Amino acid sequence: DRLNAVVTALLDYAKPLTPRREALALADLLAAVEPLVRAALGPKGGQFEATAEPPGEAPALRGDPDLLAKLVYGLALNAAQAIDAGGRIELRLRRRGGDVELLVRDDGPGVAPEHAARLFEPFFTTKATGTGLGLATAARIAEAHGGALELVPGGGLGPDGRGGCFCVRIPEAA
């Protein structure tokens, strides 16, 4: 099963990305991903919150709902795996200039400085059972939509910004 998962992830990563461009309400995307994130939290019993900034005004864009759901779920799953029991995860949508930003934040241990430069490289992982394709795939999805994925040092939910914080930026016109 593990070998099958690795091969499937590799084949998915190797496929060219040609995202569909359809109107997408990001609040709907978060609502679709939320039950999956809560299930991933499972026995940890962590707290999960999805918000839009300003409240009640989730931005919309043109993009591929399946690819963007995969991106959001992958980042949230990484956060769920990183936090301790009772930890916190937050997904926040906001507009910044002509971009839509999605922040995925947690109060886990964060990313070690020596790993930060390699996070988006294919096959780089710090997990015993990881393929090292999750963040690389997420970055490709953001780029295929004309955007980018980046680590935000010090942007986590823990004391003094401890924890993970990833920001997906996609142009609103995408």
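The values are calculated or read from the model by the stated rules, or taken from the named source; none is laboratory data. In this text, all values refer to a predicted model and were calculated from it rather than measured experimentally. Note that we place each Cβ from the backbone using ideal geometry, even for glycine, and neighbour counts take in every protein chain shown. Ligands, DNA and RNA are excluded from the accessible area calculation, which covers all protein heavy atoms including side chains. Shrake-Rupley method; radii C 1.70, N 1.55, O 1.52, S 1.80 Å.
Restricting attention to the range 142-164 and to residues that are over 14 Å from the mean Cα position of the chain (by Cα) and outside any loop (DSSP other than H, G, I, E, B), the residue that is surrounded by the most Cβ atoms within 10 Å (Cβ to Cβ) turns out to be Ala144.
Inspect all residues belonging to the range 62-69 and state whether any of them is touching a residue at least 60 places away in the same chain (Cβ under 8 Å), open to solvent by less than 50 Å² (accessible area, probe 1.4 Å) and in a strand (DSSP E or B). Among the residues of the range 62-69, at least one is touching a residue at least 60 places away in the same chain (Cβ under 8 Å), open to solvent by less than 50 Å² (accessible area, probe 1.4 Å) and in a strand (DSSP E or B), which makes the answer yes. Ala52 passes every criterion in (1) open to solvent by less than 50 Å² (accessible area, probe 1.4 Å); (2) assigned to a helix (DSSP H, G or I); (3) modelled with pLDDT of 75 or more; (4) within 22 Å of Ile141 (Cα to Cα) apart from (2). Candidates are the residues of the range 125-141 that are β-branched (Val, Ile, Thr) and free of Cβ contacts under 8 Å to residues at least 24 places away in the same chain; the one that is surrounded by the most Cβ atoms within 10 Å (Cβ to Cβ) is Thr125. Of the residues in the range 74-81, at least one is buried (at least 16 other Cβ atoms within 10 Å of the Cβ), out of contact with any Phe, Trp or Tyr (no Cβ under 7 Å at 6 or more places or on another chain), under 17 Å from Gly156 (Cβ atoms) and touching a residue at least 60 places away in the same chain (Cβ under 8 Å). Residue count for the range 95-120 satisfying the condition of being surrounded by 13 or more Cβ atoms within 10 Å (Cβ to Cβ), at pLDDT 90 or above and charged (D, E, K, R): 6. Condition first: surrounded by 12 or more Cβ atoms within 10 Å (Cβ to Cβ) and either of a type in the set (S, T, N, Q) or farther than 10 Å from Ile83 by Cβ (or both). Now tell me which residues in the range 30-47 satisfy that. Across the range 30-47, the qualifying residues are Leu30, Ala31, Ala32, Val33, Glu34, Leu36, Val37, Arg38, Ala40, Gln47.
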